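Here the structure comes first, spelled out in C-alpha cells, and everything after it is commentary.
Please treat every number below as a calculation from the coordinates, not as lab data. Just so it is clear, the model here is predicted, and its values are computed rather than measured. Glycine gets a Cβ as well: all are built from the backbone with ideal geometry, and neighbour counts include every protein chain shown.
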Amino acid sequence: MAVPLKYNLRNLRVRWRLTAATALGIGLVVAVFIMVMALAQGLKATYVSTGDPRNLLVLRKGSTAESNSQIMRAEVSRMRYLGGLARDAQGDPLMSAEIILLIYLDRVDGSGGANVLVRGMKAAGLTLRPQARLIEGRMLRPGLRECVVSQRIADRFANCRVGQSFRSGATAWTVVGIFDAARTAYESEIWIDADEARAVFHRDFFGSVLLRTEGPAAAAALTKRMEADRILQVRVLPEADYYREQTQMAGPIRFMGAFLAVVMSIGAAFSAMNTMYAAIGARTREIGTLRVLGFKRREIYLSFLAESVLLALMGGLLGCLLALPLNGVATGTIGWNTFAEVAFEFRITAGLMAKGVAFALVMGVLGGLLPARLAARKPVLEALHAA
Amino acid sequence: MTITGFIIRNVLRNKRRLVLTVMSVALSLFLYTVLQTALRELTQPASTEESALRLVVRHRVSLANVLPVKYQARIENLPGVDVCSQFTWFGGIYQEEKNFFPQFACEGDKIARLFKEATFDPKEMADFIEDRAGCIVGVKTMERFGLKVGQKITLQGVIWDCDPEMTIRGVYRGGIDETNLFFHHDYFDELMGNPGVVGTFWIKATSAAAIPGLIERIDRTFRNTDAETKTETERAFQLGFVSMFGNIKMLIGSICTVIVFTMMLVTASTMSMAIRERMRELAILKALGFDGLRVVGLIVAESFGLAVAGGLVGCFGAWFLFRHIDIYKVTQGFFLKFDVTPHILAGGMLIAAVLGAVSCAIPARTTLRMTIIEGLKELD
C-alpha cells in the first residue's frame, strides 16, 4: 500500500511558508520560460498567418527578400499575359506589382522613431490580402498622395490617424483609411499606390509581384512557365513559403528562452532540493514510524518524490497564471529582412502552458530524487531515535 | 572559539544546504551578469575618442535610399570636415547566407585616416590602395573563415546586382569592429555601371567642437533638394539600429528583476529555515549572556557570507568564463565581444549584499523578539 497523498499535502500545508516560497520560485522560472517562448511564438504566428495559400510571390532570381528584389515594368506586363491568373468580378487579373520602401516616422509617445515599411501596391493588392479589411475611412485613390495605414501603425506612430498627414522627403502623404490586418505582418505596414511610390522614391522598377492563379494546378504550371521563361529572370514561390522563411528570426529568441530556462531551472531545482531536504530532516521520526507501520522503502521513496512533484506542480500552475496576463500584449522588433519595425503579440497557447508545467514537473523530479532516496534509506531505529 | 570560528562552524553544519544555497544564488547572479552583459553589448556601441569625431550622412527618408555622389565635393568644402569618404553597405553573401559579416565599399585611401584607432600594416595598405579589386578585412573575419592575405574572395550581391571578385590585400586589427571588409568604391561603381550614387558618407570632423555646427551645415546645404540628408554622429547612427530592437531592453530588464526576486525568495526561505531549526541554541546563547544584538550579528554574518559567496561564484564565474571563450565563434558572429565590465560585476555583488541583508531580516527580527524561555521550548 502506498503512503496516502494526503500525508504529503498536509505536510506541504504545515510548512506553508517554505512551500509558498519554493512554489513561487519554480513559478517564476516557468513564467519567464513561457513569456520568452510566447514572444517567439507570437513572432512566428504573425509571419505564418501572413501568407495566403492561394497566392504566389514573384521575386528576382537570387533574391531572398522583397526588399532586395527588382522586377522591371516590361516583365510585369509579360506576366499578365502568361495565363492561368484568377480574375476578379470585373474580369481584371488578380495581380499586384509591388515595391516596398522604408520611411522613418516618429513614435506617437515622442520616444524617437523607427523605420516603417511602406508598400506600394496595385488595386488588386487588397483583394489578394483577405486578412486585411478597412475599419475606418476608405481605400486610397491613386495619384493623390493618399495612403492607408494599419491599425497598429496608427496607434504607434505620430500623424497616422485618418485625415492627418505625414511627410517623407518632400512629399506629404494623407491618411485616408485605417485597416485591420488580423495580426499578420501587414499590421506593420503603410500602403500607398505602387506607381506613386516609384515616382516619389525614384525607382524605375517594382520589387515583387503578388498574384493568384485559378487553382493549384494552374499555380504549378505558371510557376514552371515563369521560371523557364528566358525574358523573365524570376523566382516564383508560394506566398506562404516566403513568410515561413521569415520565421527563422524567432531563432535567437527561442535560444534565449531555452538558455534562461535551463540555467534558472537548475537554480530552482536546487531550491526544491533544499526544501525537500528540510522537510525530510524535520520528519525523520515520522519516517521511522511509517517504516515501523510497515510501509516499504520504495513506498516512502515514491511518497517523497510525489511530494516534490506536487510542490513543483503548484509552482508550474502558478507560473502559468503569472504569465497569462501577457497574452496579447503587443510589442515590436526589427525585421532583419526589411529593416523595418515588425509588430507582434505575445502568444500564450495551451501547448506552451503545458510545456511550462511539464518543465516544472521535471524540476520537481530532479529536486526530489536525492532527498527521497535519503528518506528511504534511513535506518528505522536511527530514525526513531532522532530528536 | 572565536566568534568568526563559531559563525563558520554554523555555516558548515549542514554542508548540503550550504552548497545548494550558494549554488542557487551563484546561478542567479551568473544569469544576471550574462543578461546585463548581453544588454550592454547590444545597446551600447563602443565609443572612443576617435569615433566621437565621426559623422554619418544618410538620406533623410531612410538608409535604404541613396545619395548622389556629387554631394561629396560640397561636403568636403564645408569647414570642419577633415576626411569625407563614400561609404556604401554592400551586404552581400559570402558562400552561404549564414556567413554574415559587414562589407563596405569605401574610398580605400581614406579608411586609415577615418579609422585611426585600427592598425593597418603600411605595406598591406599600399597594396590595397594599388589594387582596384583589392580588399582589406578585419582579423576576426579572416580567422572565422580561415582566410589568408593574397586569397581571392567573391561576394554575391543581394541588395546590389553585382558579384565583386576581390583579392584580400591586408588585415586590420583593433579599434573598430574587427569583422568588416572594406573594398574600393570605384570598383563597386564600375561593376554597377557608374550609377553615381552612394549609401552614406562617413566624415571625420576636425575637432569635437566643430561637430554640432557641422551637422547643421551639412543638412542645411541639402535642404529642399531631391535627396535631403540626415547627419548624425556615429554613436547616434548606431543607437538608431539599437532602438529598432524595440522592447528588448525592457524584456531583459524585467527578466533580471524576476531572477533577482526569485533568488531573494529562495535564499530568504533557506535562511529562515536554517535559523528556525536552531532557535534553541540561540536561546542558550542568550541565556549565556550574549545580548540580542550580538546574536543577531551572528545571523547577519552568516546570511551575508552565504549571499556574497554565491555572488562571488556567480559573477566572477561569468567573468572568468567569458574571458576564456571566444564569444564571436560560439555565437557565430551574433556577439562580437562579451565584456563583463567592472560596473556589471559591482552591480551583481551589490545585489548579493542586498540579498544577504534582506534574507536575514525576518529571522533576525524573530530572534530579537524571542524570549529565552520561548526559545528553549522550541522543539526543532
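Please work out, to two decimal places, the log10 of the ratio I(q)/I(0) at q = 0.19, 0.21 Å⁻¹ from a Debye calculation in which every Cα of the stretch B:1-98 carries one identical scatterer.
-1.11, -1.15
May I ask for log10 I(q)/I(0) of chain A at q = 0.07, 0.08, 0.10, 0.11 Å⁻¹, from a Debye sum over the Cα atoms as equal point scatterers with solvent left out?
Reported log10 I(q)/I(0), two decimals: -0.49, -0.58, -0.73, -0.80.
Excluding residues fewer than 8 places away in the same chain, name every one of the lysines whose C-alpha is closer than 21 Å to that of B:Lys377.
List returned: B:Lys286.
Quick one: grab Rg to one decimal and Dmax as a whole number for the stretch B:61-227, Cα atoms only, in Å.
16.3, 48
Hey, got the average number of other protein chain Cβ atoms within 10 angstrom for residues in A:269-279?
Mean number of neighbouring Cβ atoms from other chains: 6.
Could you work out, for chain B, what percent of all Cα-Cα pairs fall into each 10 Å distance bin, beginning at 0 Å and stopping at the bin that holds the largest distance?
Histogramming chain B at 10 Å steps yields 5, 19, 22, 17, 12, 10, 9, 6, 2, 0 percent.
How much of the pair distance distribution for the stretch A:175-317 lies past 26 Å, counting alpha-carbon pairs only, in percent?
Taking all Cα-Cα pairs of the stretch A:175-317, the fraction more than 26 Å apart is 63 percent.
Could you compute the FRET efficiency for B:Arg16 and B:Leu288, with r as their C-beta to C-beta distance and R0 at 45 Å, rounded to 0.05?
Computed FRET efficiency for B:Arg16 and B:Leu288 comes out at 0.95.
Describe numerically, in nm with one decimal, the distance between label points set 7 Å from Cα along Cα→Cβ at B:Ala133 and at A:Arg285.
9.1
Could you work out how far apart the two model spin labels at A:Lys224 and B:Thr48 are, taking each label as a point 7 Å from the Cα in the direction of the beta carbon, and quote it in nm?
Here the answer is 6.0 nm between the modelled labels.
Over the stretch A:62-232, consider all pairs of different Cα atoms and compute the Kirkwood hydrodynamic radius from their mean reciprocal separation; express it in Å, one decimal.
After inverting the mean inverse Cα-Cα distance, the result is 16.9 Å.
Between A:Thr64 and A:Ser111, how many nm apart are label points set 7 Å from Cα along the C-beta direction?
It is 3.0 nm.
Which trypsin sites (Lys or Arg not before Pro) does the stretch B:138-181 hold that lie in a coil by DSSP with at most 11 other beta carbons within 10 Å?
Answer by residue number: B:Lys148.
What FRET efficiency do you get for B:Leu376 and A:Arg10 if R0 is 35 Å and r is their Cβ-Cβ distance, rounded to the nearest 0.05?
E between B:Leu376 and A:Arg10, to the nearest 0.05, is 0.80.
Using only the Cα atoms of the protein assembly as shown, what semi-axes does the equivalent ellipsoid have when each is the square root of 5 times a gyration tensor eigenvalue? Give whole Å, largest first.
In descending order the semi-axes read 60, 33, 23 Å.
For the pairs B:Lys123/B:Lys329; A:Lys122/B:Lys230; B:Lys70/B:Lys123; B:Lys98/B:Lys152; B:Lys110/B:Lys329, note any where the Cα-Cα span goes beyond 25 Å.
Beyond 25 Å: B:Lys123/B:Lys329; A:Lys122/B:Lys230; B:Lys70/B:Lys123; B:Lys110/B:Lys329.
Hey, for a label at A:Arg203 modelled as a point 7 Å past Cα toward Cβ, could you say which residues of the stretch B:48-65 have their backbone N under 19 Å away?
Residues B:59-65 fall inside that zone.
Over chain A, what is the relative contact order in whole percent, taking alpha-carbon pairs under 8 Å and six or more residues apart?
This gives 29 percent for chain A.
Using Cα-Cα distances under 8 Å and only pairs 6 or more residues apart, what relative contact order does the stretch A:13-109 have, in percent?
14
Using Cα springs under 10 Å in a Gaussian network model of chain B, which residue among B:Ile275, B:Ile284, B:Ile215 shows the largest mean-square fluctuation?
Largest GNM mean-square fluctuation: B:Ile284.
So how do A:Trp191, B:Trp319 line up by other beta-carbon neighbours within 10 Å, fewest first?
Fewest to most other Cβ atoms nearby, the residues stand as B:Trp319, A:Trp191.
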